[in-house]
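The values are calculated or read from the model by the stated rules, or taken from the named source; none is laboratory data. None of these values were measured; they are calculated from a predicted model. So basically every Cβ, Gly included, is an ideal-geometry build from the backbone, and we count neighbours across all protein chains shown. The accessibility values were calculated without ligands, DNA or RNA, using every heavy atom of the protein model including side chains. Shrake-Rupley method; radii C 1.70, N 1.55, O 1.52, S 1.80 Å.
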Amino acid sequence: MNATFAIAGATFGEAVRKRILMVILLIALLIILISPAFEPFAAGRGARTLIISFGFGVIQLAGTFIAIIMCTGMIPTEIERRTIYTILSKPVQRYQFVLGKFFGAVGTLGFMYLMMGIVFLIASRMALGSFDPAIIRGLLMFFFQSSLLAAVVLFFSTFVSPLVNYFLSGGVFLMGNLLSSFLETIQRNPEVTPLTRIPVQLLTVILPNFANFNVQNPIINPEQVLTDETAYLVQTLAYAVVYIALLLVASMLIFNQREM
Amino acid sequence: MSDIAIKTVNLTKRYSGLWSKQPVDAVKNLNLEVHRGEIFGFLGPNGAGKTTTIKVLLGIIYPTEGEAYVLGQPAGDPKNHYKISYLPENPYFYDYMTGREILTFYAKLFGIGEPERSKRVNELLDRVGLSRAADQPLRTYSKGMQQRIGLAQCLINDPELLILDEPTAGLDPIAHIDIRDMILDLRNQGKTLFISSHQLSDVERVCDRVAILNRGVMVQLGRIEELLAGGHVEVIADKVPDNAVEPIRQLGGKVSLHDGRLIVEQPDNGSVDRVIDIVRAAGGHIISVKPYRRTLEDLFVETIQGGKTA
Ligand SMILES: Nc1ncnc2c1ncn2[C@@H]1O[C@H](COP(=O)(O)OP(=O)(O)OP(=O)(O)O)[C@@H](O)[C@H]1O
Ligand SMILES: [Mg+2]
């Protein structure tokens, strides 16, 4: 376990020194900070909705970019720079290396979300005069969404090049966001044959469902009531944890076979 | 405990060119035994398969055929790595870390806790002469400094077996000597060293045994003295009487005497002492005794250019 955390620590240290990630974070922080300035454009409840959904949008976008950019190179770079040789020649199991990389990525995401969350809370408090617990819930959801995405990217990075990975994981993220509502539409349409429906159903089940985490909708449309928000949160986060665990196991199995 | 530190049995590593080329046997049917406590030189021209073999020994890549054992265990078992260490060729480390941080990182991989960890890190920084640069990021290190950090990284676990891939590549002569001394020091401590190198004069000086690999095949193996036997010693003497020539000639050397001046090219097999004895007993006067040893470089060039591949 020591080794895993040492690798996670090194991964975190390297990620927070990556200029591109810091630039994304800073831009996101800046936008969130000035978002209350949009208040005059909407009145009453509209202002609250606008500021909150805008903030979440920025945070989600930043989290997505950070997860993908950070993780595509995580394993390939170690191999290319040959830093991995000295690590694997120490008493480090290959699964510990993968796990350490993932924890390092999640730690970095946690740090980024913490920064963005604090600024978001301050900005929304200033604009709205009140503190909204939905923000915490939303941050948690998006943090887990980014972590799941990080696991997807890390999984691909055990066998494809960073460039291919951008497209693959970007595609999976988009599909995972859109498929479930697409499937709903299809299912409501009697004209769609099973020949079309079944593959879509299959994909929806297999690919990670990123749409679950998009909490904006219930906030933007409070009419659409969730019967039990806490249960939904727990269920969604549990889904993320299970899916991440599966991805990590698959990554370890592939990485175990890998030659460097 | 077995006295074999490294053993390979019919080890073959084939790189199959997926799209492009034909498969290459980077290492072919290699049978190697490295004894505990020896310094073993692993030589061969570029692309001979040295690094490939080393990577198999460390479990970074897997054998296509055959087996490899390190300290009695199948190669690549991370539990075994507590007792071994590895310096890759052209090592590269996380360059945002300082020298101290990177050594601390590796110590953590071994599960070495405080306060032992800081103590060892400081000792090692001192030992490789990097105490002053310890808190500078590695990206500001010169090549020689990187190599020293690489060596320090190798010593953090006080290993029984060190596998060094070109440890002196790109170093200045002083650094060379430093590292050579360090290697001899390790040998005195009873460590086993497996060294791949192109610095044949270094290898000749420090190694007990060498293997030469060419295109994946082992073409030479033996103790340095034995492999380099066949040199000669030139003895020059003056005031040597004619009657001394015959007994000297019987010792098997090439002898020429003119006007009392004797030149003998004597095989380096212990008979040189006899030559000198005879000259002096006959009233001659030794002027010089000069060994003309074969060097490892001679052997290397002969072996590789002789095209020996089996
Ligand atoms: N990952 C790889 N894929 C395909 N071929 C490889 C790979 N790594 C090495 N080779 C080939 O295997 C052969 C042996 O390479 P290796 O690196 O073991 O040589 P070496 O003896 O260490 O050489 P050098 O002295 O230049 O370091 C070479 O022909 C090389 O092209
Ligand atoms: Mg090499």
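Suppose we filter A:Ile84, A:Ile20 for residues that are away from chain B (no Cβ under 14 Å), part of a helix (DSSP H, G or I) and aliphatic (A, V, I, L, M); which single one remains?
Just one listed residue meets the conditions, A:Ile20.
Filter the range B:161-176 down to the residues that are charged (D, E, K, R) and surrounded by fewer than 18 Cβ atoms within 10 Å (Cβ to Cβ) and list them by number.
B:Asp172
Looking at the range B:198-237 only, could you name the residues that are small (Gly, Ala, Ser), farther than 18 Å from B:His35 by Cβ and away from ligand 1 (no atom under 16 Å from the Cβ)?
Of everything in the range B:198-237, those that are small (Gly, Ala, Ser), farther than 18 Å from B:His35 by Cβ and away from ligand 1 (no atom under 16 Å from the Cβ) turn out to be B:Ser201, B:Ala229, B:Gly230, B:Gly231, B:Ala237.
Quick check on this structure: which one of A:Pro162, A:Pro76 is under 30 Å from B:Leu155 (Cβ atoms), more than 14 Å from every other protein chain (Cβ to nearest Cβ), in contact with a helix residue (DSSP H, G or I) (Cβ under 8 Å, 6 or more places away or on another chain) and not β-branched (Val, Ile, Thr)?
From the options A:Pro162, A:Pro76, the qualifying one is A:Pro76.
Within the range B:100-115, take every residue that is within 7 Å of chain A (Cβ to nearest Cβ) and touching a residue at least 12 places away in the same chain (Cβ under 8 Å) and give me the one that is surrounded by the fewest Cβ atoms within 10 Å (Cβ to Cβ).
B:Phe110
I want to confirm something. Restricting to the range B:47-99 and keeping residues that are within 16 Å of ligand 2 (Cβ to nearest atom), facing another protein chain (nearest Cβ under 7 Å) and of a type in the set (Ser, Thr, Tyr), which single residue is nearest to the chain's Cα centre (by Cα)?
Once the filter is applied, the top-ranked residue is B:Tyr86.
Quick grid of which residues meet (1) open to solvent by less than 30 Å² (accessible area, probe 1.4 Å); (2) more than 16 Å from ligand 1 (Cβ to nearest atom); (3) at pLDDT 95 or above:
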site	(1), (2), (3)
A:Phe213	yes, yes, no
A:Asn221	no, yes, no
A:Val225	no, yes, no
A:Glu229	no, yes, no
A:Val241	no, yes, yes
A:Leu246	no, yes, yes
A:Ile254	no, yes, yes
A:Met260	yes, no, no
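Suppose we keep only residues that are over 21 Å from A:Ser89 (Cβ atoms) and modelled with pLDDT of 90 or more within the range B:135-144. Which one would you say is farthest from ligand 2 (Cβ to nearest atom)?
The extreme case among them is B:Asp135.
Taking the range A:146-166, which residues are in contact with a Pro (Cβ under 7 Å, 6 or more places away or on another chain), open to solvent by 10 Å² or more (accessible area, probe 1.4 Å) and either among the charged types (D, E, K, R) or outside any loop (DSSP other than H, G, I, E, B) (or both)?
The answer is A:Pro162, and nothing else.
List the residue pairs whose Cβ atoms are under 7 Å apart, where the first residue sits in the range A:93-106 and is away from chain B (no Cβ under 13 Å) and within 17 Å of A:Tyr243 (Cβ to Cβ), the second is of a type outside the set (A, V, I, L, M, F, W, C) and open to solvent by less than 30 Å² (accessible area, probe 1.4 Å), and the two are 6 or more positions apart or on different chains.
Close Cβ pairs satisfying both conditions: A:Val98/A:Ser251; A:Leu99/A:Thr4; A:Phe103/A:Thr4; A:Ala105/A:Thr11; A:Val106/A:Ser147.
Looking at A:Leu139, is it touching a residue at least 12 places away in the same chain (Cβ under 8 Å) and either within 14 Å of another protein chain (Cβ to nearest Cβ) or not hydroxyl-bearing (Ser, Thr, Tyr) (or both)?
yes
Would you confirm, using the coordinates I've provided, whether B:Thr52 is modelled with pLDDT of 95 or more, among the polar types (S, T, N, Q), touching an Asp or Glu at 6+ places or on another chain (Cβ under 6 Å) and within 15 Å of ligand 1 (Cβ to nearest atom)?
no
What about A:Gly73, is it over 16 Å from the mean Cα position of the chain (by Cα) and at pLDDT below 95?
yes
Tell me the helices (runs of 4 or more DSSP H) entirely within the range B:225-310 that contain at least 1 residues that are in contact with a Cys (Cβ under 9 Å, 6 or more places away or on another chain) and open to solvent by less than 30 Å² (accessible area, probe 1.4 Å).
B:296-305
Okay, residues lined up against (1) closer than 23 Å to B:Tyr92 by Cα; (2) within 16 Å of ligand 2 (Cβ to nearest atom); (3) more than 15 Å from the chain's Cα centre (by Cα):
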residue	(1), (2), (3)
B:Gln146	yes, no, yes
B:Pro159	yes, no, yes
B:Pro167	yes, yes, no
B:Ile177	yes, no, no
B:Ile183	yes, no, no
B:Arg187	no, no, no
B:Phe194	yes, yes, no
B:Ser197	yes, yes, no
B:Arg209	no, no, no
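Out of the residues in the range B:177-221 that are touching a His at 6+ places or on another chain (Cβ under 9 Å) and either without any contact (Cβ under 8 Å) to a residue 60 or more places away in the chain or open to solvent by less than 10 Å² (accessible area, probe 1.4 Å) (or both), which is nearest to B:Ile6 (Cα to Cα)?
Among those residues, the one meeting the criterion is B:Thr192.
Out of everything in the range A:231-260 that is more than 18 Å from the chain's Cα centre (by Cα) and in contact (Cβ under 8 Å) with a residue 60 or more places away in the chain, what residue ends up being nearest to A:Ile79 (Cα to Cα)?
Per the criteria, the residue is A:Met260.
What's the total number of residues in the range B:7-36 that are assigned to a loop (DSSP other than H, G, I, E, B) and open to solvent by less than 30 Å² (accessible area, probe 1.4 Å)?
1
Could you tell me whether B:Ala237 is in contact with a His (Cβ under 8 Å, 6 or more places away or on another chain) and either of a type in the set (A, V, I, L, M) or at positive phi (or both)?
yes
What number of residues within the range B:55-91 are among the hydroxyl-bearing types (Ser, Thr, Tyr), within 16 Å of ligand 1 (Cβ to nearest atom) and open to solvent by less than 30 Å² (accessible area, probe 1.4 Å)?
Of the residues in the range B:55-91, 1 are among the hydroxyl-bearing types (Ser, Thr, Tyr), within 16 Å of ligand 1 (Cβ to nearest atom) and open to solvent by less than 30 Å² (accessible area, probe 1.4 Å).
Starting from the range B:164-176, take each residue that is of a type in the set (Ser, Thr, Tyr) and list its partners that are open to solvent by 30 Å² or more (accessible area, probe 1.4 Å) and within 13 Å of ligand 1 (Cβ to nearest atom), counting only C-beta distances under 8 angstrom and pairs at least six apart or across chains.
Between residues of the range B:164-176 that are of a type in the set (Ser, Thr, Tyr) and residues that are open to solvent by 30 Å² or more (accessible area, probe 1.4 Å) and within 13 Å of ligand 1 (Cβ to nearest atom), the close pairs are B:Thr168/B:Gln199.
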